[in-house]
1. In a Gaussian network model over the chain where Cα atoms closer than 10 Å are linked, find which of ALA60, ALA75, ALA37 has the largest mean-square fluctuation.
2. Dimensions of the chain along principal axes (Cα, Å, largest first)?
3. Please check: in the Gaussian network model of the chain (C-alpha springs, under 10 Å), which one of ILE15, ILE30, ILE86 has the largest mean-square fluctuation.
4. Build a GNM of the chain with springs between Cα atoms under 10 Å: which of LEU57, LEU17, LEU82 gets the top mean-square fluctuation?
5. Full-extension gain between LEU14 and THR76, please, as 0.36 nm times their residue separation minus the C-alpha to C-alpha distance.
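Readers should treat all values here as calculations from the given coordinates under stated rules, not as data from a laboratory. This one's a predicted model, so the numbers in the text were calculated from it and none came from an experiment.
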Amino acid sequence: MENKKSPVFVGIMLIGLGILIFTGWWWPGIMLVIGTALGVDKFLQGQIKEAIGLFLLFLAIPTVVFIFTNNIISATVFVPVLLIGIGTLVIGRSLLNRAQN
């Protein structure tokens, strides 16, 4: 099966690139544009969970860059909290999957 992107994906990428040219916010703005385009493409294919996951992942990258560049939270606090949060999600997901089976 071909992995062709939909016209909506291409349209969102073009709009996003146009906005990035106007604003000059290439990094990490390109990550937000890619995440939005991929998320909408998955959403239109009926893959809602994947769409939300992709969008949140690509939204997290500019958010983390903003946090670190503006010294909102220091890395010595953010990184451990992030690791604890991811570990909790992994364990919780594992327990939910086990309970469903």
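1. So, out of ALA60, ALA75, ALA37, the one fluctuating most is ALA75.
2. 42, 40, 16
3. Residue with maximal mean-square fluctuation among ILE15, ILE30, ILE86: ILE86.
4. Taking springs between Cα atoms under 10 Å, the residue moving most is LEU82.
5. Fully extending the segment from LEU14 to THR76 adds 18.5 nm.
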